[in-house]
Amino acid sequence: MESTLVKYLPERAVALCTELIKTNEVHLKIVNERVTRHGDYRRLSSGQHQITVNVNLNKYRFLITLVHEIAHLVAFEKYGRAIKPHGLEWKKTFQYLMLPFIRPEIFPSALLPLIAKHFKNPKASSSTDASLSIALKRYDTQQSENSYVFEIPIGSIFRIYNGKLYKKGNRRVKRIECIEIATGRMFLFQPNAEVELIKD
């Protein structure tokens, strides 16, 4: 287990994660990239706890994702299946499980303040915390040639991962209004959504 995890996690996090996986009887699968999610937790019909994490994540995002999914398992076991997947019980569990990892031996000093802020009230995905998501992206081994929505000028046409085209509009408090070219419908985008600029 540890010999596999060392490829995907910060070195000082490997033993702690191995212990979490064994204690909670997790069947961990490292899978090909999924655009819409970094990982997921599922209780199989056999009763086995399966967690999947995308293979392409950098080691810091991999760690956050793995602990995020283990927090689902622990929260469901402790509070029952009726809780909201990203409700208060999950948030408390995620905070508690993440605490031993928020250390300078595990995360770079540039990330620590953003991680500490994020875990005061963790979101359903680290990708919805724009500041943290952009900071984590700097540690990716393959840098994307795409742009973030917040970087491109208003009125620009851009393409997202599924091929759909949008025109950037005004910023609301936290999100950006974008019009789908094909339908004229308005959608709200996270500022850190990665897009391919077609025309500015």
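Within the stretch 7-41, the residues that satisfy the criterion of being touching a residue at least 12 places away in the same chain (Cβ under 8 Å) and in a helix (DSSP H, G or I) are 12, 13, 14, 15, 16, 17, 18, 20, 21, 22. In the stretch 72-83, the condition of being within 12 Å of the chain's Cα centre (by Cα) and either touching a residue at least 40 places away in the same chain (Cβ under 8 Å) or not assigned by TED's automatic domain parsing to the domain that holds residue 120 (or both) is met by no residue. Scanning the stretch 141-170 for residues that are surrounded by 15 or more Cβ atoms within 10 Å (Cβ to Cβ) and without any contact (Cβ under 8 Å) to a residue 24 or more places away in the chain yields a count of 3.
Residue selection: residue 63 satisfies the criterion of being part of a helix (DSSP H, G or I) and among the aliphatic types (A, V, I, L, M). Of all residues in the stretch 185-199, at least one satisfies being among the basic types (Lys, Arg) and in contact (Cβ under 8 Å) with a residue 40 or more places away in the chain.
For the stretch 72-122, the set of residues classified as among the charged types (D, E, K, R) and surrounded by fewer than 15 Cβ atoms within 10 Å (Cβ to Cβ) consists of 77, 78, 81, 84, 103, 105, 117, 120, listed by residue number. Among the residues of the stretch 98-135, the ones that are part of a loop (DSSP other than H, G, I, E, B) and either more than 23 Å from residue 18 (Cβ to Cβ) or among the small types (Gly, Ala, Ser) (or both) come to 8 in all.
The values are calculated or read from the model by the stated rules, or taken from the named source; none is laboratory data. All of these numbers come straight from a predicted model, not from anything done at the bench. Glycine gets a Cβ as well: all are built from the backbone with ideal geometry, and neighbour counts include every protein chain shown.
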